[in-house]
1. Out of region 159-183, which residues are at pLDDT below 85 and surrounded by 11 or more Cβ atoms within 10 Å (Cβ to Cβ)?
2. Collect the residues in region 137-149 that are in contact with a helix residue (DSSP H, G or I) (Cβ under 6 Å, 6 or more places away or on another chain) and farther than 13 Å from K111 by Cβ, keeping them in residue-number order.
3. Being over 19 Å from M122 (Cα atoms) and either in contact with a strand residue (DSSP E or B) (Cβ under 6 Å, 6 or more places away or on another chain) or outside any helix (DSSP H, G or I) (or both) is the filter here, so list the residues in region 142-160 that pass it.
4. Would you say F105 is out of contact with any Phe, Trp or Tyr (no Cβ under 8 Å at 6 or more places or on another chain) and crowded, with 16+ Cβ neighbours inside 10 Å?
5. Pairs under 9 Å by beta carbon, first residue over 14 Å from I102 (Cβ atoms) in region 142-159, partner surrounded by 14 or more Cβ atoms within 10 Å (Cβ to Cβ) and of a type in the set (S, T, Y), six or more apart or different chains?
6. I'm trying to understand the selection: among the residues of region 103-141, which are among the hydrophobic types (A, V, I, L, M, F, W, C), without any contact (Cβ under 8 Å) to a residue 60 or more places away in the chain, under 15 Å from L168 (Cβ atoms) and assigned to a helix (DSSP H, G or I)?
Amino acid sequence: MGLFDFFIRRKPARRRRPKGCNITGSQQIAGIKGQIDVINSVLKEHRKDIDENAVLLKEHSQKLTNLEDILTNQPIPPTNLPERPVSTIKPVQANLNNKFDIDKFSPQEKKILSVFFNHLDMALSYRDIASTLGKASNTVKNQIHQILLKADIFEKSIDTGMVNRFRLKDGLKIEKYLTNRAD
């Protein structure tokens with residue numbers, strides 16, 4: 001570039017069409033008109049749906065006002081229903097006269113029962129039993145659940161630390177849960 005090239009007047013560059021683009025202005029206008037026609041047909045369908053939904057909305061609002069009138073104008077007659085008892089839960093009590101077959105408990109469940117019979121005066125938690133037997137507390141929890149499914153022999157309480165504690169029901173003795181093979 002020379003020193004005097006700044007003073008030379010340049011012609012603006014012509015805009016060239018990309019290769020393969022031989023669309024004229026009238027063709028572009030026709031394409032746009034086609035797109036506008038498609039948009040207008042979709043708008044007509046939407047307007048039709050909106051009109052149908054508006055009719056349904058009017059019907060439902062009329063029904064709702066009719067229901068409100070019925071509820072506000074008519075007093076509700078008193079019903080003579082029997083009163084419900086305060087507590088409908090009946091405590092499950094073990095049948096202490098029956099003897100339970102010790103064979104229906106698994107060996108692991110028998111170990112848990114032996115811990116309870118060795119500590120009759122204590123309410124034990126899952127963690128207490130687990131540390132005595134060297135097991136995980138969740139394992140003990142599952143095994144106590146299985147014992148409860150087979151025989152209702154525990155009293156459950158929750159201490160101040162929100163820990164479940166179990167103890168054998170009063171009056172239970174180990175003899176009542178063993179099968180006497182001589183019988």
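The values are calculated or read from the model by the stated rules, or taken from the named source; none is laboratory data. None of these values were measured; they are calculated from a predicted model. Neighbour counts run over all protein chains shown; Cβ positions are idealised from the backbone, glycine included.
1. R167, L168, K169, L172, K173, I174, K176, Y177, L178, T179
2. S137, K141
3. A151
4. Working: out of contact with any Phe, Trp or Tyr (no Cβ under 8 Å at 6 or more places or on another chain): yes; crowded, with 16+ Cβ neighbours inside 10 Å: yes.
So F105 passes the test.
5. Going by the 9 Å Cβ cut-off, the qualifying pairs are I144/Y126; D159/S125.
6. Going residue by residue through region 103-141, those that are among the hydrophobic types (A, V, I, L, M, F, W, C) are 105, 112-113, 115-117, 120, 122-124, 129-130, 133, 136, 140.
From what's left, without any contact (Cβ under 8 Å) to a residue 60 or more places away in the chain: 105, 112, 115-117, 120, 122-124, 129-130, 133, 136, 140.
Next, only the ones that are under 15 Å from L168 (Cβ atoms) stay: 105, 112, 115-117, 120, 122-124, 129.
Passing the criteria: I112, V115, F116, F117, I129.
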